[in-house]
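Enquirer: Have a look at the structure that comes next, please.
The values are calculated or read from the model by the stated rules, or taken from the named source; none is laboratory data. Just so it is clear, the model here is predicted, and its values are computed rather than measured. Counting neighbours? That spans all protein chains shown, and the Cβs are built from the backbone with ideal geometry, glycine included.
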Amino acid sequence: MSIFKIIDGLFIGTRYGVLGMSILGVLASIVLFFVNISMGFSALMVFVATLALSLSLIVFLVPSSVMKGKYTNKRRYIVGGILSVLALGIMGFTYLSTGGFPELNLIFA
């Protein structure tokens, strides 16, 4: 029985670890959006897509006690799925329209 408790603990730790990284991803996407304004429209779309992906992971993984009364589980999955598809669509459009991924300024130089 203790192996099942260990596995449950690993899943819970992984869930909250990914949730924390998603919150950091939202902050990084916003900062890098403004840093890359001079790089062009396609560079900005990359960070809009990463913002949408980070938000979708937050919606999927946030505990239901935090989302109490705002979203039911069904609505959470619909909103998260829409944000994931939006991020994938933006990245696909950016890739196809520029012939590859654009150059990005990731080191604030």
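Enquirer: Criterion first (buried (at least 16 other Cβ atoms within 10 Å of the Cβ) and within 29 Å of Gly13 (Cβ to Cβ)) does Ser29 satisfy it?
Expert: On the way: buried (at least 16 other Cβ atoms within 10 Å of the Cβ): yes; within 29 Å of Gly13 (Cβ to Cβ): yes.
Judged against the criteria, Ser29 is a match.
Enquirer: So which pairs qualify, if the first residue must be in segment 6-30 and closer than 15 Å to Ala49 by Cα, the second must be among the small types (Gly, Ala, Ser) and at pLDDT 90 or above, the Cβ gap must be under 7 Å, and the two must be at least 6 apart or on different chains?
Expert: Qualifying pairs under 7 Å: Ser22/Ser54; Gly25/Ser54; Val26/Ser54; Ser29/Ser54.
Enquirer: With Ser54, Ser65 as the choices, which residue is at negative phi and either of a type in the set (D, E, K, R) or exposed (fewer than 13 other Cβ atoms within 10 Å of the Cβ) (or both)?
Expert: Ser65
Enquirer: Which condition from (1) more than 19 Å from Ile23 (Cα to Cα); (2) touching a helix residue (DSSP H, G or I) at 6+ places or on another chain (Cβ under 8 Å) is the one that Leu86 breaks?
Expert: The single condition Leu86 does not satisfy is (1).
Enquirer: What are the residues in segment 76-107 that are exposed (fewer than 13 other Cβ atoms within 10 Å of the Cβ) and without any contact (Cβ under 8 Å) to a residue 12 or more places away in the chain, if any?
Expert: Within segment 76-107, Val85, Gly89, Gly92, Leu96, Gly99, Gly100, Ile107 meet the criteria.
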